[in-house]
Amino acid sequence: MPTQLTVRLPKNVDRSISSLARRLGLKRSDIVRMALQKLIDEFENGQQERPYDRVKRLIGAVESGIPDLGSEHRKHILERIKRA
């Protein structure tokens, strides 16, 4: 038999859950259950995503045209400020 859990939510979270439920055509409780299940699954399966994992595909994706930007970034920032 399912158990019940009562949770107090900040108003902004409550509004977000309600909005998402309307858009998806689900009950608010379904949204909360799905979110909790996803969190539990990630921790049980060792799939905690590090911030690096979220952005690693973006690293090196943009070319600045400045070959030493990584090692001389301070110099380039100061030059840019002087030109402004």
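The values are calculated or read from the model by the stated rules, or taken from the named source; none is laboratory data. Keep in mind that what you see is a predicted model, and the values were worked out from it rather than measured. Reconstructed Cβ throughout: ideal geometry from the backbone, glycine too, with neighbour counts over all protein chains shown.
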Seminar exercise, completed: Across the stretch 1-32, the tally of residues that are among the aliphatic types (A, V, I, L, M) and in a loop (DSSP other than H, G, I, E, B) stands at 5
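Yes or no: the stretch 33-43 includes at least one residue that is in a helix (DSSP H, G or I) and polar (S, T, N, Q). It would help to see each step written out before you state the result.
In the first step, residues of the stretch 33-43 are kept if they are in a helix (DSSP H, G or I); the result is 33-43.
Okay, now just the ones that are also polar (S, T, N, Q), so 37.
Yes: the stretch 33-43 contains one or more residues that are in a helix (DSSP H, G or I) and polar (S, T, N, Q).
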For this session: Could you list, in sequence order, all residues of the stretch 48-84 that are of a type outside the set (Val, Ile, Thr), modelled with pLDDT of 85 or more, surrounded by 10 or more Cβ atoms within 10 Å (Cβ to Cβ) and closer than 30 Å to LYS38 by Cα?
Result: LYS56
Exercise. Going by the structure shown, is SER18 polar (S, T, N, Q) and either surrounded by 10 or more Cβ atoms within 10 Å (Cβ to Cβ) or touching a residue at least 60 places away in the same chain (Cβ under 8 Å) (or both)?
Worked result: yes
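Please go through the stretch 44-59 and give me each residue that is assigned to a helix (DSSP H, G or I) and over 18 Å from the mean Cα position of the chain (by Cα), ordered by number.
If we filter the stretch 44-59 for residues that are assigned to a helix (DSSP H, G or I), which is where we start, we get 44, 51-55.
The one that is assigned to a helix (DSSP H, G or I) and over 18 Å from the mean Cα position of the chain (by Cα): GLU44.
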